[in-house]
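A quick write-up on the structure given underneath.
Derivation of every value follows stated rules applied to the coordinates shown; laboratory data play no part. In this text, all values refer to a predicted model and were calculated from it rather than measured experimentally. Cβ placement follows ideal geometry from the backbone for every residue including glycine, while neighbour counts extend to all protein chains displayed.
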Amino acid sequence: MTTDPLPWWQTGVIYQIYPRSFKDSNGDGIGDLGGVLEKLDYLSDTLGVDAIWLSPFYPSPMADFGYDVADYTDVDPIFGDLATFDALVAEAHRRGLRVIIDIVPNHTSDRHPWFIASRSSRDNPKRDWYVWRDPAPDGGPPNNWLSVFGGPAWEYDETTGQYYLHSFLKEQPDLNWRNPEVRRAMFDVFRFWLERGVDGFRIDVAHYIMKDPLFRDNPPNPHRGDYHKDMGEYDTQLHLYDKGHEDVHEVFRELRRLLDDYSRDRPRFAVGEIHIFDWNAWVRYYGDNLDELHMPFNFALL
C-alpha cells in the first residue's frame, strides 16, 4: 500500500522576511529585494528553510508599514523593481526555495488610485468599490463598528457627505468585495503574481473581506480577555457583523480553484490570517470539502 507524499507546506519550514530590515543591497539604509536575493544561499544552505514568505513590498505611503497598498502589481522603489522580484523568484526556485508573498485584499491605501477615484464623487464609477454609508440620523457613524487600531471604523468624508469603512487605520479604506468588479480586479492581482511564478500567498486578515450586508451593530462581548490578550476598546464587542460573513467562503473556494489551476505545473498554496477563537468557525476556512484555504493561521499556537 502506498500513500501520496505530504505537500511541501505540511512538512517544510517557511521563513518570514520583512524586506525593510532584512538586508540592504544598495547602501541606503533600507532593506530591499536585492538584499534578499543576495542572501538566498544563506537561507537555503545555512538555515535550510524550504520557503520564504515576503512581507509587503508594494508601493505604499507606509502608514502601516506596507499593509496600506497603493499599487498591487508593482514594487515600491525603496525595495527594488519587478525585474529584481523576477530574479529573486528565479534564483529561489533554482535553489529549491518556494516564494510566498503577502497580499492584502481587505483594504488599500487611501492613496490607491481606486480610492482616490471612489472618494472624488458619489457618482464616480469606482464609488462602490469601497464601503460608503450615509451618516446615522444624529450625523454620527452608520453603526457601532470599531477599528482594530482604536475608535470608530468609519471616517467622515466632507466632500461627499458619507462615511467610508476602515477596519484598521483611516488610511486603509476597506474594499467592497460584494462588488463583482472589485472581486474580478483582485483575482487579476492573484493571477498577476502567479504568472510571475510565486508559489503562494499569505492572505492578510482574510476573514475581514465579507461583512454583514445589513450593517447591523455588533453586540457587547461578555468573554473579553478569555482567549487572548485584551485588545482594548476593540474587544468590548463581539465582532459578529464586521467580519467573517458566511459569503467569505465562496470567495476562498474561487481562490482555491484558481490555485488548483496553477498547480498543474507545481503546487501553489494559500495561508490565511484568521484571528478567530471559535474553532468551529475557524476550521471552516479549510473548506467543508478541503476546498478553501490550504491552511488558516492558528493564533492559539503563536
Pairs of lysine residues in the chain - Cα separation under 24 Å, sequence separation of 8 or more or cross-chain: 9
Cα long-axis angle, helix 248-262 against the chain (0 to 90 degrees, to the nearest 10): 20 degrees
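So for the chain: antiparallel DSSP bridges make up what percent, rounded to the nearest 5?
The answer is about 35 percent antiparallel.
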Per DSSP, loop chymotrypsin sites (Phe, Trp or Tyr not before Pro) in region 10-111 with at most 12 further Cβ within 10 Å: F65
Shape call, region 147-302: gyration tensor on alpha carbons, a/c limit 1.5: oblate
Cα centroid separation, region 97-156 to region 45-76 (Å): 21 Å
Nearest 10 degrees, 0 to 90: helix 82-94 Cα axis against the chain principal axis: 50 degrees
Cα-based shape type of region 113-165, given that a ≥ b ≥ c are square roots of the gyration tensor eigenvalues and the cut on a/c is 1.5: oblate
Sparse-neighbourhood loop sites, GluC sites (Glu not before Pro) in region 105-211 - DSSP loop, at most 14 other Cβ within 10 angstrom: E158
Cα gyration tensor shape for region 1-56, rounded if a/c is under 1.5, else prolate or oblate: prolate
Acute angle (nearest 10 degrees) that the helix 180-195 long axis makes with the longest principal axis of the chain, alpha-carbon atoms: 10 degrees
